[in-house]
Amino acid sequence: MLNANPHEEQVKELIVLYPRLRRAMTIFMFGSRIDADDVVQDAYEKAFERIHSFREDSSLYTWLYQIARNRALDLVRKKAPDLMDEEGWMDRLMDERNDDPGESGQVQALRQAIRQLPSTMREVVVLKVLEGFSYEEMEQITGENVQTLKSRMFRAKRRLHELMKPDT
């Protein structure tokens, strides 16, 4: 008997990925759960519409994250089009909503240090460290080449190390 939906397994996997993507977009949208939920809902609608176009040359999550990232950028453009013309657009969207009073002082310090990174460095930290993407997957998501991403990660680590040094 033929499978009525040739993409049934991918649809099931998309559903399983929902909590992970929601968490990632909340971080990407800097704690705005309302905006993150809007982005995730839009991304899932697009993904379900286009599941037939998914090529297995990347993971399903990489493909889904790329859709969500693009939807997030569209939302930012719509809400504040003048910010998108400048390099530091992510910096001006940052606020304190991600802080959790139950976190240790070191975790809060790291979160604050990450906030101080330029947007391009912050994005690679989120993609690599928090989401665990490979550099090749990050290249697919961002459109930046692997060497550029590695260079940004190197600079981000060095800057975080400087920011996390205790004052002496």
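Note on Asn70 and Arg23: the model spin-label points, each 7 Å out from Cα along the C-beta direction, lie 2.6 nm apart. If R0 is taken as 22 Å, the Cβ-Cβ distance between Ile15 and Leu130 corresponds to a FRET efficiency of 0.50.
Cβ crowding within 10 Å, taken as a proxy for footprinting-reagent exposure, orders Val11, Val124, Val76 from fewest neighbours to most as Val11, Val76, Val124. Phi-derived couplings, Karplus 6.51 cos²θ - 1.76 cosθ + 1.60 at θ = phi - 60°, listed residue by residue for segment 110-118: 5, 4, 5, 5, 4, 4, 7, 6, x Hz, with x used for Gly and Pro. Subtracting the Cα-Cα distance of Gln147 and Gln106 from 0.36 nm times their residue separation leaves 11.7 nm of extension gain.
When the pairs Lys12/Lys128; Lys46/Lys79; Lys78/Lys157; Lys79/Lys128; Lys12/Lys150 are compared against a 30 Å limit on Cα-Cα distance, Lys78/Lys157; Lys12/Lys150 fall above it. Only residues of segment 57-71 count here: report those whose backbone N is under 14 Å from the spot 7 Å along Cα→Cβ of Glu45, or say none. Output list for this probe position: 68, 71. Full extension of the chain segment joining Ser59 with Lys79 gains 4.2 nm, where the gain is 0.36 nm per residue of separation less the Cα-Cα distance.
Here, each number is a calculation from the coordinates, and none is a lab measurement. Computed from a predicted model, the values in this text were never measured in an experiment. Backbone-built Cβ (ideal geometry, glycine too); neighbour counts: all protein chains shown.
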